[in-house]
Amino acid sequence: YRGGPLLGIDTSCDDTAAAVVRGGREILSSVVASQVALHRRFGGVVPEIASRQHLLAILPVIQQALDEAGVRREQLEGVAATYGPGLVGSLLVGFMAGKALALALELPFVGVDHLEGHVASAWLARPDLQGPVVVLVASGGHTELFRAERPGRLRHLGGTRDDAAGEAFDKVGRLLDLGYPAGPAVDRLARRGRPGRVTLPRALRGSDTLDFSFSGLKTAALQHLLPAVRAGLPVEDAAAELQQAIVEVLVERLFEAAERTGARAVAVTGGVAANQGLREAVAERARRHGLEAVLPEPALCTDNGAMIAAAGHWRLLEQGPSPLEMAVDPSAQI
Ligand code: KG4
Ligand code: ZN
């Protein structure tokens, strides 16, 4: 592997994603087949449906990524695929497709941790980024803080003890009848609402942990927010309070972590990083602290193959290929 076109594959959850990236930084193509419409009527990802859909989509998605990059299979220098964490049936499809392709083309294969991929997206967004960076990965499945010197050099600082931030948006948003996933609707409504008319808890505030806890939000919403909405509180105000309750703790911990670890920059990624309130709060606070804020465009924040190829690039350079016996690990931890 010499840093030429690398194929990156991610099928950790409900998106079938493949991309071609050169040198860990230059995205030649990135294709994502979303399954969200299939899972919508169940109000969440159904693992069995997800893996079946990955099976249907994986080869066309890989082919499209190659076509859009203008790269022939023979020109690839390696294949990277997510080994975990994620849904086992989903992971298996992309991981095995990646392995099979690498074997057939006699290319180096590298297994990548999904969260390491999310962290690498900060460098896709800002190729000359200088670490140390504190990266918040906040999605429907994860809420984790890492300190990264550079892609692949990470230390886990903290994470959620129960629900993920996106899960909190989705669960409370569902109580408010905002559809699935509810995060984007909450974001839209919150812009026209006023927080604080009913207060939701900010869990673990004031303790010196870098962990998160969001599971109390749903109970609190059932007990206080929902009755208030039924009694006439505008849904915009309910959305604004929900968003504020989540964003405040995310931002507090992110900057606490940056201060404790002497970071020069902060980055936010994962689906929740599309949230306008979060992006504004992070940008504003970073200005005050004299830190650089990296807010990748939403397509780089949500699950994609480019971040896996980027992380795979560094793994290949520093550790070499993974053994072909390597297995998926649904509960992988960095
Ligand atoms: O990264 P992602 O696309 O998928 C995984 O969870 O792996 O993240 C989806 C999550 C959902 O919980 C969704 O509600 C949330 O990200 N989300 C948002 C916004 N856009 C997506 N949450 C708040 N505000 C948004 N604008
Ligand atoms: Zn993800």
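The values are calculated or read from the model by the stated rules, or taken from the named source; none is laboratory data. Everything numeric in this text was worked out from a predicted model, so none of it was measured. Methodologically, a virtual Cβ is constructed for each residue, glycine included, from the backbone with ideal geometry; neighbour enumeration extends over all protein chains shown.
What to note about this one:
- One residue alone among Leu66, Leu56 is more than 16 Å from ligand 1 (Cβ to nearest atom), part of a helix (DSSP H, G or I) and crowded, with 20+ Cβ neighbours inside 10 Å, and that residue is Leu66.
- The single condition from (1) more than 16 Å from ligand 2 (Cβ to nearest atom); (2) buried (at least 24 other Cβ atoms within 10 Å of the Cβ) that Ile9 fails is (1).
- Test: residue in segment 156-167 that is within 15 Å of ligand 1 (Cβ to nearest atom), hydrophobic (A, V, I, L, M, F, W, C) and surrounded by fewer than 20 Cβ atoms within 10 Å (Cβ to Cβ): no
- Filtered by the rule that a residue be away from ligand 1 (no atom under 16 Å from the Cβ) and not assigned by TED's automatic domain parsing to the domain that holds Ala190, segment 270-309 gives a lone residue, Ala309.
- Qualifying residue in segment 31-49 (condition: under 22 Å from Ile334 (Cα atoms) and buried (at least 18 other Cβ atoms within 10 Å of the Cβ)): no
- Taking the criterion of being surrounded by fewer than 24 Cβ atoms within 10 Å (Cβ to Cβ), hydrophobic (A, V, I, L, M, F, W, C) and more than 16 Å from the chain's Cα centre (by Cα), the only residue of segment 117-150 that qualifies is Leu129.
- Test result for Val71, touching a Leu at 6+ places or on another chain (Cβ under 8 Å), at pLDDT 95 or above, crowded, with 16+ Cβ neighbours inside 10 Å and over 25 Å from Ala332 (Cα atoms): yes
- Segment 18-40, residues that are of a type outside the set (Val, Ile, Thr) and either more than 19 Å from Gly271 (Cβ to Cβ) or not in a strand (DSSP E or B) (or both): Arg22, Gly23, Gly24, Arg25, Glu26, Leu28, Ser29, Gln35, Ala37, Leu38, His39, Arg40
- Restricting Leu56, Leu66, Leu105 to residues that are modelled with pLDDT of 95 or more and closer than 23 Å to Leu300 by Cβ narrows the list to Leu66.
- Scanning segment 203-221 for residues that are acidic (Asp, Glu) and either modelled with pLDDT under 95 or surrounded by fewer than 16 Cβ atoms within 10 Å (Cβ to Cβ) (or both) turns up just one, Asp208.
- Residue within segment 213-234 that is more than 30 Å from Leu76 (Cβ to Cβ), β-branched (Val, Ile, Thr), touching a helix residue (DSSP H, G or I) at 6+ places or on another chain (Cβ under 6 Å) and not assigned by TED's automatic domain parsing to the domain that holds Asp113 present: yes
- Boolean, Asp187 is modelled with pLDDT of 95 or more and within 16 Å of ligand 2 (Cβ to nearest atom): no
- Scanning segment 191-224 for residues that are closer than 13 Å to Val172 by Cβ, part of a loop (DSSP other than H, G, I, E, B) and of a type in the set (Ser, Thr, Tyr) returns a single hit, Ser215.
- Flag for Arg194 being in contact with a helix residue (DSSP H, G or I) (Cβ under 6 Å, 6 or more places away or on another chain), modelled with pLDDT of 95 or more, under 17 Å from Val247 (Cβ atoms) and surrounded by fewer than 19 Cβ atoms within 10 Å (Cβ to Cβ): yes
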